[in-house]
Amino acid sequence: MALNFADIVEEARLSARALLDYGDHFFNPTVRLGVTGLSRAGKTVFITALVHGLTRGGRFPVFEPYATGRIAGSRLEPQPDDAVPRFDYENHVRTLIEARGWPNSTVDISELRLVIDYQRQNGADRTLTLDIVDYPGEWLLDLPLLNKSYEQWSSESLGLSRQRPRAKLAEQWHAHLATLNAQAREDEQAALTSAKLFTDYLRACRDERFAMSLLPPGRFLMPGNLAGSPALTFAPLDLPNEGTAPEGSLWAMMARRYEAYKSVVIRPFFRDHFSRLDRQIVLVDALAAFNAGPEALADLEAALAGILDCFRIGRSTILSNLFRPRIDRILFAATKADHLHHSSHDRLEAVLRRTVVKAVARAEYTDAAIDVVALAAVRATREAQLQRGREKLPSILGTPATGEIAGTEVFDGNTEVATFPGDLPDDPEKLFNGEAAFAGLSSAAAEKTDFRFLRFRPPQLEREGPDGPALPHIRLDRALQFLIGDRLQ
Ligand SMILES: Nc1nc2c(ncn2[C@@H]2O[C@H](COP(=O)(O)OP(=O)(O)OP(=O)(O)O)[C@@H](O)[C@H]2O)c(=O)[nH]1
Ligand SMILES: [Mg+2]
């Protein structure tokens, strides 16, 4: 690919940054861990539970350096980047443990530095600095746009919006689009209306009934301080297959703004954050897709392929080999596994593995090690057997959050109930066999769906030991072992 001027400037900046980081890492071994996932995937809860476990004596039998007693202690220290908000750890812990509530939604990037004192296997004392970076998965899914022209993006987005169940949600935007002539003079009002209707369509796709994942550009749904700016005031147009945008046309205006989005939003994210990560965990709320239906699961698969593409894109396109992204381990984690009986945990993992394996096969190559886990950063449930007629159903016990509904019952947030959330099939392939594979909210009434996952409150904890209560979890230690176990040898 020929480098343009923007890329060359970018390369110079990246090089300077990489040299600084290199010097730093040399004297002070550091792992920069990216934690990402689409909104509500469980990023904040994951980081809070991980840090709480490491600093306050969690139970991590599968995290080898910890289980064998080689970790002497972990503590928080001021983070290295002054311009990035600090992850609000203390508040999140208080909410989880004292208020038994889930932390509020977070929309920006944030960072936290954890320093781990440990003993090497040969007996020497060392420290490892773990910089944890929490950023929205929506930003990650923007990276592929770096390699796409406005025309390509336009035609792909339109194609997607004509498929089920998106087409129905895109009706208003499509109707407006049909009134536009891309070659006509540029028109601010047309751009504004188009961008608004396009954003409404993206928002409708994200609704829990549909739970679509692949919705770039990410900032359209979380604009932050860019709300209303031209870099966010564009939308796809129905364009001819050939030709270029006439000067002064609506087409040219949209294309210009699309390019502005790349330089104002995507490139800085790539340079300042993504390119500096060493390890990555991608949190996936597969249960939201099961709730919604087979189309949501197919969409999730496409989004995971898109995410893998990002890691490959980082390597193969922008800039020289020397300063390309250095992520060498990627963990895909299905979160909230505590909504399922343990007999289904391996099956949840199998579903995610099936999804990721296909995506890996499609990505031309990534030289990072990839693994998959089903986990619950905070386990909000216990297990029980429900007797229904002669059948014993593997169920879970928990306190549904205030206002959660099951059938005709509305929960008050204090009553513990046993529920049967639905069984995952032995063979994950069965879930992917087309539209009729299972019934979800996108096509069936709530009482007719195959899966129903209630939202539970965080667990009631017993106080124990000098460090206070440990948060129960599922397989969080396995995630830790894969993500940093090798750096603590
Ligand atoms: N039972 C259970 N629920 C969880 C767990 N992790 C997350 N949740 C639920 O998922 C919701 C979202 O979790 P967050 O950690 O806030 O997700 P996030 O990815 O940070 O979301 P945004 O900040 O909105 O992007 C929480 O409010 C909980 O309801 C878990 O381990 N167990
Ligand atoms: Mg969050």
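The values are calculated or read from the model by the stated rules, or taken from the named source; none is laboratory data. Just so we're clear, the structure is a prediction, and the values are computed from it rather than from any experiment. Cβ sites come from the backbone with ideal geometry, for glycine too, and all protein chains shown count toward neighbours.
With surrounded by fewer than 19 Cβ atoms within 10 Å (Cβ to Cβ) and touching a residue at least 60 places away in the same chain (Cβ under 8 Å) as the only criterion, which of 172, 163, 189, 183 stands out? Walk me through it before giving the result.
Numbers: 172 fails: touching a residue at least 60 places away in the same chain (Cβ under 8 Å); 163 fails: touching a residue at least 60 places away in the same chain (Cβ under 8 Å); 189 fails: touching a residue at least 60 places away in the same chain (Cβ under 8 Å).
Matching residue, one of 172, 163, 189, 183: 183.
Against the condition touching a strand residue (DSSP E or B) at 6+ places or on another chain (Cβ under 8 Å) and not aromatic (Phe, Trp, Tyr), how does residue 224 come out, does it pass?
Numbers: touching a strand residue (DSSP E or B) at 6+ places or on another chain (Cβ under 8 Å): no; not aromatic (Phe, Trp, Tyr): yes.
No.
So which of 384, 444, 380 is farther than 25 Å from residue 297 by Cα and either modelled with pLDDT under 90 or not in a helix (DSSP H, G or I) (or both)?
Working: 444 fails: farther than 25 Å from residue 297 by Cα; 380 fails: farther than 25 Å from residue 297 by Cα.
From the options 384, 444, 380, the qualifying one is 384.
Against the conditions (1) at pLDDT 90 or above; (2) within 30 Å of residue 449 (Cβ to Cβ), where does residue 301 fall short? Just the number, please.
Unmet for residue 301, out of (1) at pLDDT 90 or above; (2) within 30 Å of residue 449 (Cβ to Cβ): (1).
Only one of (1) out of contact with any helix residue (DSSP H, G or I) (no Cβ under 9 Å at 6 or more places or on another chain); (2) under 30 Å from residue 249 (Cβ atoms); (3) not charged (D, E, K, R) is not met by residue 78, so which one is it?
So residue 78 meets the others, but not (2).
For the range 67-95, give me each residue that is under 25 Å from the mean Cα position of the chain (by Cα), free of Cβ contacts under 8 Å to residues at least 12 places away in the same chain and away from ligand 1 (no atom under 13 Å from the Cβ).
82, 83, 90, 94
What residue, of 415, 381, is of a type in the set (S, T, N, Q) and free of Cβ contacts under 8 Å to residues at least 60 places away in the same chain? Working first, answer last.
Numbers: 381 fails: free of Cβ contacts under 8 Å to residues at least 60 places away in the same chain.
Checking each option against the conditions leaves just 415.
Residue under question is residue 213, and the condition is that it be of a type in the set (Ser, Thr, Tyr) and part of a helix (DSSP H, G or I); does it hold?
On the way: of a type in the set (Ser, Thr, Tyr): yes; part of a helix (DSSP H, G or I): no.
Spelling it out, it is not the case that residue 213 is of a type in the set (Ser, Thr, Tyr) and part of a helix (DSSP H, G or I).
Counting only residues that are small (Gly, Ala, Ser) and either more than 23 Å from residue 205 (Cβ to Cβ) or away from ligand 1 (no atom under 13 Å from the Cβ) (or both), which one in the range 36-66 is surrounded by the most Cβ atoms within 10 Å (Cβ to Cβ)?
From the range 36-66, those small (Gly, Ala, Ser) are 37, 39, 41-42, 49, 53, 57-58; that's our starting set.
Still in the list and also either more than 23 Å from residue 205 (Cβ to Cβ) or away from ligand 1 (no atom under 13 Å from the Cβ) (or both): 49, 53, 57-58.
Numbers: 49: 26, 53: 22, 57: 17, 58: 21.
If we take residues in the range 36-66 being small (Gly, Ala, Ser) and either more than 23 Å from residue 205 (Cβ to Cβ) or away from ligand 1 (no atom under 13 Å from the Cβ) (or both), then 49 is surrounded by the most Cβ atoms within 10 Å (Cβ to Cβ).
Just for the range 192-234: of the residues that are touching a His at 6+ places or on another chain (Cβ under 7 Å) and within 18 Å of residue 156 (Cα to Cα), which one is surrounded by the most Cβ atoms within 10 Å (Cβ to Cβ)? It would help to see each step written out before you state the result.
First pass over the range 192-234, keeping only residues touching a His at 6+ places or on another chain (Cβ under 7 Å): 193-194, 197.
Of the ones still in play, those that are also within 18 Å of residue 156 (Cα to Cα) are 194, 197.
Values: 194: 23, 197: 18.
Top of the filtered list is 194.
Among (1) closer than 20 Å to residue 327 by Cα; (2) in contact with a strand residue (DSSP E or B) (Cβ under 7 Å, 6 or more places away or on another chain), there is one condition residue 116 misses while meeting the rest; what is its number?
It fails just one condition, (1).
Out of everything in the range 403-422 that is modelled with pLDDT of 90 or more and outside any loop (DSSP other than H, G, I, E, B), what residue ends up being surrounded by the fewest Cβ atoms within 10 Å (Cβ to Cβ)?
410
Does residue 469 fit the bill of being more than 27 Å from the chain's Cα centre (by Cα), part of a loop (DSSP other than H, G, I, E, B) and either aromatic (Phe, Trp, Tyr) or at pLDDT below 90 (or both)? First the steps, then the outcome.
Working: more than 27 Å from the chain's Cα centre (by Cα): yes; part of a loop (DSSP other than H, G, I, E, B): yes; either aromatic (Phe, Trp, Tyr) or at pLDDT below 90 (or both): yes.
Answer is yes for this residue.
Please indicate, with yes or no, whether at least one residue in the range 75-86 is of a type in the set (Val, Ile, Thr) and more than 17 Å from residue 481 (Cα to Cα).
Of the range 75-86, the ones of a type in the set (Val, Ile, Thr) are 84.
Remaining after also requiring more than 17 Å from residue 481 (Cα to Cα): 84.
Scanning the range 75-86, I find at least one residue that is of a type in the set (Val, Ile, Thr) and more than 17 Å from residue 481 (Cα to Cα), so the answer is yes.
So which residues in the range 235-282 are over 25 Å from the mean Cα position of the chain (by Cα) and free of Cβ contacts under 8 Å to residues at least 60 places away in the same chain?
Listed by number, the residues that qualify are 240, 241, 242, 243, 244, 247, 256.
Taking the range 97-112 as the region of interest, how many residues are within 13 Å of ligand 2 (Cβ to nearest atom) and either basic (Lys, Arg) or farther than 17 Å from residue 36 by Cβ (or both)?
Within the range 97-112, residues that are within 13 Å of ligand 2 (Cβ to nearest atom) and either basic (Lys, Arg) or farther than 17 Å from residue 36 by Cβ (or both) number 2.
Specify the residue that is surrounded by the most Cβ atoms within 10 Å (Cβ to Cβ); the eligible residues are those in the range 118-132 that are in contact with a Lys or Arg (Cβ under 8 Å, 6 or more places away or on another chain) and not β-branched (Val, Ile, Thr).
From the range 118-132, those in contact with a Lys or Arg (Cβ under 8 Å, 6 or more places away or on another chain) are 118-121, 126, 128-132; that's our starting set.
Filter again for not β-branched (Val, Ile, Thr), leaving 118-121, 126, 128, 130-131.
On the way: 118: 21, 119: 16, 120: 12, 121: 12, 126: 14, 128: 19, 130: 23, 131: 21.
Looking at the filtered set, the residue picked out is 130.
Output the qualifying pairs, or none if there are none: Cβ atoms under 6 angstrom, residues six or more apart or on different chains, first residue in the range 38-49 and touching a residue at least 24 places away in the same chain (Cβ under 8 Å), second residue near ligand 2 (Cβ under 8 Å from one of its atoms).
43/134; 44/103; 44/106; 47/134
Would you mind telling me which numbered condition in (1) at pLDDT below 95; (2) away from ligand 2 (no atom under 16 Å from the Cβ) residue 37 fails?
(2)
If you scan the range 58-72, which residues turn out to be small (Gly, Ala, Ser) and more than 27 Å from residue 109 (Cα to Cα)?
67, 69, 72
Residues that are of a type in the set (S, T, N, Q) and buried (at least 16 other Cβ atoms within 10 Å of the Cβ): does the range 135-152 have at least one? Lay out the reasoning, then the answer.
Looking only at the range 135-152, we keep the residues that are of a type in the set (S, T, N, Q), and these are 147, 149, 152.
Then drop every residue that is not buried (at least 16 other Cβ atoms within 10 Å of the Cβ), which leaves none.
The answer is no, given that none of the residues of the range 135-152 is of a type in the set (S, T, N, Q) and buried (at least 16 other Cβ atoms within 10 Å of the Cβ).
Where the second residue is of a type in the set (Phe, Trp, Tyr) and part of a loop (DSSP other than H, G, I, E, B) and the first is at negative phi and within 10 Å of ligand 1 (Cβ to nearest atom) and lies in the range 96-112, which pairs have Cβ atoms under 7 Å and are six or more apart or on separate chains?
Matching pairs, first to second residue: 110/87.
Quick one: which of 458, 425 is touching a residue at least 24 places away in the same chain (Cβ under 8 Å), touching a Leu at 6+ places or on another chain (Cβ under 7 Å), within 16 Å of ligand 2 (Cβ to nearest atom) and in a loop (DSSP other than H, G, I, E, B)?
Working: 425 fails: within 16 Å of ligand 2 (Cβ to nearest atom).
The unique qualifying residue is 458.
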